[in-house]
Amino acid sequence: MSLSFEQLKSMLVFALVVQQGSLTAAAKHIGLSRAVVSYHIKKLEAHLDVKLLNRSTRSISLTEAGQGYYEHCRIIAEHAETAKLQIENLKKEPVGLLKITCPVNVGLQTIVPALNAFKKLYPGIELDLLLTDEVVNIMQEGIDLAIRGAPLVDSGLQASKLSTLSTLLCGAPEYFKKHGRPTKPADLDKHQWVIYKPGSQILKLSKGTRSYSIAVAGSVSTNNAAARTAFIEGGHGLGRIPTYDALPKIQNGTLETVMDDYQLTDIDIYAVFPPGTAGSKKLRLLLDYLKEYFNKKHRPLSKLS
C-alpha cells in the first residue's frame with residue numbers, strides 16, 4: 001500500500017494532536033482551523049479502518065492501536081524536524097523565529113537587554129518574547145526557549161544552566177524602625193514577610209557548618225517578583241531578593257540588608273527547551289549568548305562590595 005502526500009500530512013497532524021493534548025491546541029500550533037485538524041484525524045482513521053483516539057468534549061486519549069501508530073508518526077515528525085534544522089544550519093546567516101518566555105522581572109532586568117544586543121548581532125532572527133510569571137507549557141504554546149529559576153522536573157524537556165544568582169535578605173528602613181532588625185535565625189519568626197507565591201515559603205540560610213530553615217508568613221503576597229520588591233520597599237515585611245534587583249535600591253536607600261553574615265540560597269537560572277530543538281543553529285546561538293551575558297553581567301553582583 002503506497003503512502004500518499006495527504007496521508008503523510010495526516011500522520012504529522014495526528015502526532016501533533018497527541019503532543020499538544022487536544023485538537024484545539026494542535027490547530028493553534030500549526031495554524032489550521034480545528035475543523036481541518038479534526039478532518040485529518042477522521043480521514044486517517046477511515047483509511048486505516050481503526051480508531052486512534054478516544055475523544056470527549058474536554059480531553060483525548062490514545063487507543064491501544066493509536067499508541068503504537070503514534071510512535072511511528074512521532075519518529076517521522078522528528079526526522080522531518082531534524083532535516084529542517086540541518087538545512088537551517090547550512091545557511092551562513094541564521095534566520096527564523098525564536099519564541100521565548102520568562103518571568104516578568106528577570107525578563108525586564110536581564111533578558112530584554114540581552115535580546116536587544118543579540119538582535120543587533122543576528123538581525124535575521126525574529127524574536128517573540130512572552131513575559132509572564134506563570135509556568136507556560138512550552139510544548140503546547142510552541143515556545144522555543146523558556147527561562148526558569150528552578151531545576152527541570154519535566155523529563156520530556158531539556159535544560160541548560162545559564163547562571164547562578166545570589167540573593168539578599170532585605171527590608172525597608174521604615175520597616176526596621178517599627179519592628180527592629182533581626183540578627184539571628186530565631187528572630188526571623190517574629191517578623192512579617194512579603195510572600196512571593198511562585199517561590200518556596202521556607203527560607204534556607206546557613207552560617208559555617210550550621211543550616212537553618214525558617215517558615216515565612218505575612219499579610220502581603222504576590223505572584224510577581226517586581227511587585228514583591230515594591231511591597232518590601234513599602235515597609236510591609238522582609239523578603240529574599242536577587243542581588244541584581246536589590247542592589248540599586250540599596251544604593252538609593254529604599255532597601256537595607258540584614259544578617260549579611262549568613263548565606264542565603266542562590267537562584268539557579270535555567271534555559272528550558274523542547275527535545276529535538278537543541279540542534280537548531282539559532283537556538284544554540286541564543287543559548288551561548290545568554291550564558292555569556294549572564295556571567296558577564298551578574299558575576300560582579302555575587303556579593304555586596
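Where a number appears in this text, it was derived from the coordinates with a stated rule and is not lab data. Keep in mind it's a predicted model, so treat the numbers as computed, not measured. Every residue, glycine as well, gets a Cβ built from its backbone with ideal geometry; the counts of neighbours run over all protein chains shown.
Distance from the Cα centroid of the stretch 247-274 to that of the stretch 1-53 is 48 Å (rounded to whole angstrom).
Using the Cβ of T183 as centre and a radius below 12 Å, the other residues enclosed give a net charge of +1, where K and R count +1 and D and E count -1. When the chain is modelled as a GNM with alpha-carbon springs shorter than 10 Å, which of I195, I269, I41 fluctuates the most? For the chain, modelled as a Gaussian network with Cα springs under 10 Å, the answer is I41. In the list [x] 40, 26, 18; [y] 33, 25, 15; [z] 47, 23, 15, the label attached to semi-axes √(5λ) of the Cα gyration tensor in Å as derived from the coordinates here is [z].
Compared with the direct C-alpha span, the chain from K42 to S221 gains 59.6 nm at full extension, assuming 0.36 nm per residue.
The helix-only estimate of mean residue ellipticity at 222 nm for the chain, built from DSSP H runs of length n ≥ 4 each weighted as -39500 (n - 2.57), is -13000 deg cm²/dmol after division by the residue total.
Taking every alpha-carbon pair in the stretch 216-272 and binning the separations at 10 Å intervals from zero gives 19, 52, 26, 3 percent. When the charge dipole of the stretch 167-265 is built from unit charges on Cβ atoms (+1 for Lys and Arg, -1 for Asp and Glu) and taken about the Cα centre, the candidate among V216, G180, Y196 whose Cα reaches farthest toward its positive end is V216. Among the GluC sites (Glu not before Pro) within the stretch 118-149, those in coil by DSSP and having at most 11 neighbouring Cβ atoms inside 10 Å are E134. Quick one: of K184/K204; K177/K249; K184/K207; K197/K291; K119/K291, which pairs are farther than 21 Å apart, Cα to Cα? Distance filter (> 21 Å) returns K197/K291.
Between L131 and K204, how high is the FRET efficiency from 1/(1 + (r/R0)^6) when r is the Cβ-Cβ distance and R₀ = 25 Å? Nearest 0.05. With R0 = 25 Å, the Cβ-Cβ based efficiency is 0.35. Within the shell defined by Cβ-Cβ distances under 12 Å, the residues around I250 carry a net charge of -3, with Lys and Arg each +1 and Asp and Glu each -1. Counted by Cβ distance under 13 Å from S61, the other residues give a net charge of +2, where Lys and Arg count +1 and Asp and Glu count -1. Based on the Stokes-Einstein relation at 4 °C and a viscosity of 1.567 mPa s, and on the Kirkwood radius from alpha carbon pairs, the stretch 5-89 is assigned a translational diffusion coefficient of 99 µm²/s. By the Cα gyration tensor, the stretch 167-265 has an equivalent ellipsoid whose semi-axes, rounded to whole angstrom, run 19, 15, 14 from largest to smallest. For the stretch 5-89, lysine pairs separated by 8 or more sequence positions, or belonging to different chains, with Cα-Cα distances below 15 Å total 4. Bridge orientation summary for the chain: considering DSSP beta bridges with both residues in this region, about 70 percent are antiparallel.
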